[in-house]
1. Which Cα, out of A:L246, B:L345, A:V58, lies furthest along the positive dipole direction of the protein assembly as shown (beta carbon charges, K/R +1, D/E -1)?
2. Shielding of A:63-69 by partners, i.e. mean partner chain Cβ atoms within 10 Å per residue?
3. First check a/c for segment A:1-126, with a ≥ b ≥ c the square roots of the eigenvalues of its C-alpha gyration tensor; if it is under 1.5, answer rounded, and if not, answer prolate when a/b is larger than b/c or oblate otherwise.
4. Taking chain B as a Gaussian network, Cα atoms linked when under 10 Å apart, which of B:A327, B:A268, B:A102 shows the biggest mean-square fluctuation?
5. Quick one: helix B:191-211 against the long Cα principal axis of chain B, what's the angle to the nearest 10°, folded into 0 to 90?
6. Test of understanding: in a Gaussian network model of chain A with alpha carbons linked when under 10 Å, which of A:E35, A:E26, A:E74 would top the mean-square fluctuation ranking?
7. Report, in deg cm²/dmol and to the nearest 500, the calculated mean residue ellipticity at 222 nm for chain B, where each DSSP H run with n ≥ 4 adds -39500 (n - 2.57) and the sum is divided by the residue count.
8. Hey, what angle do you get for helix B:8-32 against the long axis of chain B, alpha-carbon based, 0 to 90 degrees rounded to 10?
Amino acid sequence: MSRDPERKIRAVIVDDEELARRLVREMLAAHPEVEVAAECANGFEAVKAIGELKPELVLLDVQMPKLDGFEVLELTGTDMAVIFVTAYDTYAMRAFDVHAVDYLLKPFSEARFEAALERAKSRLGQPAPAPAELARAARPPAQYAERIVVRDGVKVHIIPVDKLGYAEAQDDYVALASGGKKFLKQQTISSLEACLDPARFVRIHRSYIVNLERVARIEPYGKDSKLAILTDGTQLPVSRSGYARLATLLGETRA
Amino acid sequence: MHPLLARPGTLGLYLLAWLPVAGLLVFLLAVSGAVRVHEAWIIVPAMCLVYAFVCLAAWYPCRRLPVRQAGLIRLAEAHLAAAAAAGGLWVLAGLGLAQALALLPAFAGLEQRLGAQLPLLFAVGVLIYLLSVAFHYVLLAAEASRQAEAHAAEARALARDAELNALKAQINPHFLFNSLNSISALTTIDAARAREMCVLLADFLRATLGLAERTSIPLAEELALVRRYLAVEKARFGARLQIEEKVDAESGQLLVPPLLLQPLVENAVNHGIAGLPEGGMIRLEAACSDGRLVIVLENALDPEAPARPSGGLGLANVRRRLEARYAGGASIQAGPAGERYRVRLSLPAETASGPYEPRP
């Protein structure tokens with residue numbers, strides 16, 4: 001994975017404040033080996049630009065309109081060096097979990113910026129963790145996901161978890177059923193399960209997670225198994241251990 | 001559970017207190033001549049040990065009948081009846097024990113001799129029970145005062161927390177960090193604007209420092225502070241942040257707690273405008289009518305953004321402060337209304353010289 005030293009390092013700057021972007025651009029101007037390929041003012045633009053331009057370096061704010069910095073990485077993967085640039089020190093642990101190169105606190109000195117850039121350069125071309133692992137790491141600690149972000153080409157969909165009917169495992173992907181549509185996301189069903197509140201979502205089958213609120217009734221099916229009938233009429237298989245989990249939860253909520 | 005039984009150490013002390021009672025009773029029985037001294041020394045401690053626990057039962061009626069609330073007659077009835085029952089038990093225990101002992105030759109005839117002292121025994125039993133009632137009332141009073149003290153300490157701690165939180169909420173440090181970052185960017189891009197922003201920021205900080213010590217300020221002063229804050233944020237957000245203000249002339253002189261609107265405007269920027277790629281409008285209205293000051297703050301909102309639980313810390317602080325200051329006299333309603341978030345405050349219209357009365 002060696003890089004051509006003649007080729008410029010392509011960087012994308014992501015920050016919703018224009019002045020903050022200009023500051024980073026100005027500090028990068030001292031480095032002719034780095035070329036700013038794009039500036040993005042929100043999470044959607046960032047996902048699009050990173051997907052299209054495949055930059056080697058991303059300077060990323062955390063709090064932004066539409067998608068936050070962690071959600072951007074969840075959708076783009078981290079096959080690049082990421083430097084977080086934020087006024088908040090509370091995200092440092094999560095930044096470390098998603099394998100960020102460095103974490104710059106605003107306002108920062110030129111020397112600090114140079115150090116971050118040096119670290120980024122030394123990390124270029126190193127393999128990145130799989131997106132499925134990232135989805136879990138990008139989640140705030142001790143807190144279940146409130147929404148799920150899905151990328152569909154350059155389009156980004158945001159699914160609030162209460163709009164998620166069920167999820168189905170499909171090889172390396174999960175299909176998320178929401179509002180009569182299905183969205184494919186590169187994530188394992190176990191990793192998705194770990195992100196969701198276990199009081200609201202149940203793994204009813206090796207391949208299915210269901211939103212408890214959408215379960216209308218359970219019907220017997222065949223000798224050993226059962227079917228969950230959802231409020232929209234969808235039928236999902238329920239395994240024996242899945243039924244045990246479902247029964248416990250339904251018993252708790254209806255008791 | 002009885003507090004003495006819950007703590008073994010205090011139970012030991014309680015039983016120790018029975019020793020003089022037992023001694024006195026031995027003396028009384030011996031003096032009466034009916035029971036011999038060595039017999040008394042056997043039978044009395046045994047009776048006392050049993051009765052010590054019987055008397056602990058007084059805790060339950062004492063707890064059910066607080067001295068101040070239950071009438072004197074009701075108290076006398078209940079405790080005398082219980083005392084009679086306990087005294088009966090005491091006598092029966094004594095006679096039973098005497099009967100058992102009388103089977104031994106050394107104690108022959110004990111039950112007859114003790115039986116002759118029944119009235120004395122019964123009276124002593126009733127008296128001891130009533131003493132135990134008094135003791136339990138003292139115990140309950142001590143416990144109540146300890147609880148009241150704990151409650152008072154807790155209330156003090158809560159009030160201090162609320163005050164501290166209110167103080168902390170005045171200036172969000174991230175607002176400072178972000179503003180300083182903007183200034184850092186401006187130093188090379190536009191030095192004059194950088195200087196201007198330094199002055200705006202300093203004006204805002206100076207104003208917040210002065211305000212925190214006062215209990216009330218005219219709304220006009222609060223609005224001046226909010227305008228300085230928004231001027232700084234405007235440098236950060238540029239065209240994304242738009243502001244509209246509609247405040248009638250008489251509202252400006254009305255008194256409000258300092259920094260009442262500031263955290264709400266901060267929320268409007270951080271949770272409203274900052275979440276919108278194209279930004280949006282913050283609208284602030286204040287009007288006075290029918291002796292009420294009504295302030296409405298609206299901001300644009302990303303409808304897809306996850307809802308904040310109960311509006312966040314800033315709103316909770318404002319709510320607590322209003323509650324502490326006006327009791328039920330002020331109200332605050334907050335919530336999303338379509339693509340906007342709306343906070344409506346209603347306070348009693350007050351001036352420095354009392355309730356506001358519009359000139360005819």
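Each reported figure results from applying straightforward, stated rules to the coordinates on display, with no laboratory input. Note that this is a predicted model, so its numbers are computed, not measured. Cβ placement follows ideal geometry from the backbone for every residue including glycine, while neighbour counts extend to all protein chains displayed.
1. Positive-end residue among those listed: A:L246.
2. If you average over the peptide's residues, the count of other-chain Cβ atoms is 4.
3. Rounded, since a/c falls under 1.5.
4. The residue with the greatest mean-square fluctuation here is B:A102.
5. 30
6. So, out of A:E35, A:E26, A:E74, the one fluctuating most is A:E26.
7. -21000 deg cm²/dmol
8. The answer is roughly 30 degrees.
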